[in-house]
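Visitor: Here's a structure for you.
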Amino acid sequence: SQTIHQWPATLVQPVGSPLSLECTVEGTSNPNLYWYRQAAGRGLQLLFYSVGIGQISSEVPQNLSASRPQDRQFILSSKKLLLSDSGFYLCAWNPARTGELFFGEGSRLTVL
Amino acid sequence: DAKTTQPTSMDCAEGRAANLPCNHSTISGNEYVYWYRQIHSQGPQYIIHGLKNNETNEMASLIITEDRKSSTLILPHATLRDTAVYYCISILWNYKLTFGKGTLLTVNP
């Protein structure tokens, strides 16, 4: 069966510090991978979307970046965090040819 | 992707059916309708999807109008644990999913 792992679950970072959130999927190959963010009291915002290794689509211009170094690994990064980067970050995947998304448990980021 | 519109919030009594409407009047012929829900502080959960025909699974039923311009998600016997934000999305298969604001369903005892 397929599983998705996302870490860390929570982190508190100072403004200007770097960020790395990691997501891996097991039990499938060539998944579509997503990073979403949900700010407090807000809806889900699609940040990045990937259909394959090294193929990243950025949906919202910002100081975040994403990479997909391996087929089932998706990394969200920032060189310098802003206060506005605080939020709940969710990694998700779906098999090709379906719209059924499977989400990780999320990473709650607080930037102080 | 076609734009969808949903009521901001709805209430339902526990044990009764919850009927959540969604308008997708600009949907194209090959776009699917997907429903997700998000319980507080968790990632969204897939519920059901359909193209033209009505669909039913262990969680819910999806009724799509004949002209496909609207649909209704039905939770047949709502429980307190069904309190969540429900999202209706219309997408082409295999295309990136973007979520709107959804409907906050509150199930009351």
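The values are calculated or read from the model by the stated rules, or taken from the named source; none is laboratory data. Because the structure is a prediction, the values reported are computed rather than measured. As a convention, Cβ positions derive from the backbone with ideal geometry for all residues, glycine included, and neighbour counts pool all protein chains shown. Remember, those area values only see protein heavy atoms, side chains included, never the ligands or the DNA or RNA. Shrake-Rupley method; radii C 1.70, N 1.55, O 1.52, S 1.80 Å.
Visitor: Can you give me the relative contact order of chain B as a percent, contacts being Cα pairs under 8 Å and 6 or more apart?
Guide: Relative contact order here is 37 percent.
Visitor: Counting alpha carbon pairs within less than 8 Å and at least 6 residues apart, what relative contact order, in whole percent, applies to chain A?
Guide: 36
Visitor: For a quick check: with amide H placed at 1.01 Å from N, whose amide H comes under 5 Å from A:THR28's, ignoring anything fewer than 5 positions away on the same chain?
Guide: Those lying under 5 Å, H to H, from A:THR28: there are none.
Visitor: What whole-number value in cubic angstrom gives the convex hull volume per residue for the C-alpha atoms of the range B:1-102?
Guide: Normalising the Cα hull of the range B:1-102 by residue number yields 95 Å³.
Visitor: In a GNM of chain B with a 10 Å cut-off on Cα contacts, which of B:GLU31, B:GLU58, B:GLU66 has the highest mean-square fluctuation?
Guide: Maximum among the listed residues: B:GLU58.
Visitor: Round to the nearest 0.05 the FRET efficiency obtained for B:GLU66 and B:SER9 when R0 = 41 Å and r is the Cβ-Cβ distance.
Guide: Result of the calculation: an efficiency of 0.90.
Visitor: Also: Mean shadow of chain A, computed from the convex hull of its alpha carbons, in nm²?
Guide: Directional mean of the projected Cα hull area for chain A stands at 6.5 nm².
Visitor: Mind listing which trypsin sites (Lys or Arg not before Pro) in the range B:1-90 are in a DSSP loop and have 16 or fewer other Cβ atoms within 10 Å?
Guide: B:LYS3, B:ARG16, B:LYS52, B:LYS69
Visitor: Starting from the residue with the highest accessible area, list A:TRP93, A:TRP7 in decreasing order, probe 1.4 Å.
Guide: I get A:TRP7, A:TRP93, largest accessible area first.
Visitor: Considering only protein heavy atoms, what is the solvent-accessible area of B:GLU55 at a probe of 1.4 Å, reported in Å² to the nearest 10?
Guide: 70
Visitor: When the Karplus curve 6.51 cos²θ - 1.76 cosθ + 1.60 is applied with θ = phi - 60°, which whole-Hz ³J(HN,Hα) does each residue of the range B:97-109 get, with x for Gly and Pro?
Guide: 8, 10, 9, x, 8, x, 10, 7, 9, 10, 9, 9, x
Visitor: Moving to a separate point now. Step through the residues of the range A:46-51 one at a time and calculate ³J(HN,Hα) from phi using the Karplus curve (6.51 cos²θ - 1.76 cosθ + 1.60, θ = phi - 60°), rounding each to whole Hz and writing x for Gly and Pro.
Guide: 6, 9, 9, 9, 9, 9
Visitor: I need the phi-derived Karplus couplings for the range B:80-92: 6.51 cos²θ - 1.76 cosθ + 1.60, θ = phi - 60°, integer Hz, Gly and Pro marked x.
Guide: 4, 6, 7, 5, 5, 8, 10, 10, 10, 9, 10, 9, 6
Visitor: For the protein assembly as shown, how big is Rg over Rh, using alpha carbon atoms and the Kirkwood form of Rh?
Guide: 0.98
Visitor: To continue, here is another question. Using a 1.4 Å probe and ignoring any ligands, DNA or RNA, find the accessible area of B:TYR87 and quote it in Å² to the nearest 10.
Guide: Number for this one is 10 Å².
Visitor: Using a Cα distance threshold of under 25 Å, what count of lysine pairs results for the protein assembly as shown when pairs must be 8 or more residues apart or interchain?
Guide: Lysine pairs meeting both conditions in the protein assembly as shown amount to 9.
Visitor: Which value, in Å² and to the nearest 10, is the accessible area of B:ASP11 when all protein chains are kept and the probe is 1.4 Å?
Guide: We get 110 Å² for B:ASP11.
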